[in-house]
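Asker: Sharing a structure with you now.
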């Protein structure tokens with residue numbers, strides 16, 4: 001039976017966040033979910049040639065998704081939840097064109113620290129709405145961070161992403177990745 005994976009994509013820009021479940025006993029005894037973040041062309045170009053911008057975008061991605069997992073666990077009453085992740089930058093696509101994007105493996109849940117023991121708390125299902133909220137949060141944080149570094153023009157000057165950057169979302173059909 002094929003399970004549809006949530007994926008959010010904007011009509012106006014190529015930003016997308018695509019989580020996919022996987023279990024690999026060679027990695028860990030807990031479920032692992034791979035997330036991939038692709039970026040608008042302008043941000044890809046910045047990340048390709050500016051290590052500080054690339055590190056900042058990666059840090060924003062990791063903090064946003066880890067925060068999502070940890071907030072959900074806190075709402076469920078888990079003590080001191082911590083998400084586990086391994087992130088890396090992929091600089092090329094399959095045709096060896098410059099295409100900076102990020103792949104991250106997260107434990108699909110959190111480790112909760114109780115006195116004297118550590119317990120893994122599985123996350124469960126992920127909805128399209130959750131992914132859409134994460135994409136919007138990451139987009140806003142990346143824009144704010146890169147504008148703060150002086151790498152992107154200020155909003156509203158016609159050279160940035162514009163107000164309609166991510167207004168409409170579409171859902172990918174079954175089997176799409």
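The values are calculated or read from the model by the stated rules, or taken from the named source; none is laboratory data. These numbers come from a predicted model, not from an experiment. Glycine also receives a Cβ, built like all others from the backbone with ideal geometry; neighbour counts cover every protein chain displayed.
Asker: With 98, 152, 105 as the choices, which residue is closer than 20 Å to residue 61 by Cβ, over 16 Å from the mean Cα position of the chain (by Cα) and buried (at least 17 other Cβ atoms within 10 Å of the Cβ)? Full working, then the answer.
Answerer: Working: 98 fails: buried (at least 17 other Cβ atoms within 10 Å of the Cβ); 105 fails: over 16 Å from the mean Cα position of the chain (by Cα).
Among 98, 152, 105, only 152 is closer than 20 Å to residue 61 by Cβ, over 16 Å from the mean Cα position of the chain (by Cα) and buried (at least 17 other Cβ atoms within 10 Å of the Cβ).
Asker: Say whether the condition of being buried (at least 17 other Cβ atoms within 10 Å of the Cβ), modelled with pLDDT of 90 or more, closer than 21 Å to residue 125 by Cα and touching a helix residue (DSSP H, G or I) at 6+ places or on another chain (Cβ under 7 Å) is met by at least one residue in the range 44-63.
Answerer: yes
Asker: Sort out which residues of the range 85-98 are touching a helix residue (DSSP H, G or I) at 6+ places or on another chain (Cβ under 9 Å) and more than 17 Å from residue 34 (Cβ to Cβ), and write them in order of number.
Answerer: Applying the first criterion (touching a helix residue (DSSP H, G or I) at 6+ places or on another chain (Cβ under 9 Å)) to the range 85-98 yields 85, 87-89, 91, 98.
Of everything in the range 85-98, those that are touching a helix residue (DSSP H, G or I) at 6+ places or on another chain (Cβ under 9 Å) and more than 17 Å from residue 34 (Cβ to Cβ) turn out to be 91, 98.
Asker: Determine, yes or no, whether residue 74 is surrounded by fewer than 19 Cβ atoms within 10 Å (Cβ to Cβ), outside any strand (DSSP E or B) and in contact with a strand residue (DSSP E or B) (Cβ under 7 Å, 6 or more places away or on another chain). Talk me through it step by step, then tell me what you get.
Answerer: On the way: surrounded by fewer than 19 Cβ atoms within 10 Å (Cβ to Cβ): yes; outside any strand (DSSP E or B): yes; in contact with a strand residue (DSSP E or B) (Cβ under 7 Å, 6 or more places away or on another chain): yes.
Criteria met by residue 74.
Asker: Is there a residue in the range 71-78 that is touching a helix residue (DSSP H, G or I) at 6+ places or on another chain (Cβ under 6 Å) and touching a residue at least 40 places away in the same chain (Cβ under 8 Å)? Write out each step before concluding.
Answerer: Step one: list which residues in the range 71-78 are touching a helix residue (DSSP H, G or I) at 6+ places or on another chain (Cβ under 6 Å), which gives none.
Checked against the condition, which is being touching a helix residue (DSSP H, G or I) at 6+ places or on another chain (Cβ under 6 Å) and touching a residue at least 40 places away in the same chain (Cβ under 8 Å), the range 71-78 yields no hits at all.
Asker: Hey, any hits in the range 33-42 for a residue that's at pLDDT 90 or above, part of a helix (DSSP H, G or I) and surrounded by fewer than 16 Cβ atoms within 10 Å (Cβ to Cβ)?
Answerer: No, the range 33-42 contains no residue that is at pLDDT 90 or above, part of a helix (DSSP H, G or I) and surrounded by fewer than 16 Cβ atoms within 10 Å (Cβ to Cβ).
Asker: Another question, then. On the basis of being surrounded by fewer than 17 Cβ atoms within 10 Å (Cβ to Cβ) and over 18 Å from residue 36 (Cα atoms), does residue 82 make the cut?
Answerer: On the way: surrounded by fewer than 17 Cβ atoms within 10 Å (Cβ to Cβ): yes; over 18 Å from residue 36 (Cα atoms): yes.
Considered against the rule, which asks whether it is surrounded by fewer than 17 Cβ atoms within 10 Å (Cβ to Cβ) and over 18 Å from residue 36 (Cα atoms), residue 82 comes out as yes.
Asker: Among the numbered criteria (1) within 25 Å of residue 149 (Cα to Cα); (2) at pLDDT 85 or above; (3) surrounded by fewer than 17 Cβ atoms within 10 Å (Cβ to Cβ), which one does residue 12 miss?
Answerer: The number of the failed condition is (2).
Asker: Is it the case that residue 67 is modelled with pLDDT of 90 or more, surrounded by fewer than 17 Cβ atoms within 10 Å (Cβ to Cβ) and not in a loop (DSSP other than H, G, I, E, B)? Can you show your working first?
Answerer: On the way: modelled with pLDDT of 90 or more: yes; surrounded by fewer than 17 Cβ atoms within 10 Å (Cβ to Cβ): yes; not in a loop (DSSP other than H, G, I, E, B): yes.
Against the criterion (modelled with pLDDT of 90 or more, surrounded by fewer than 17 Cβ atoms within 10 Å (Cβ to Cβ) and not in a loop (DSSP other than H, G, I, E, B)), residue 67 qualifies.
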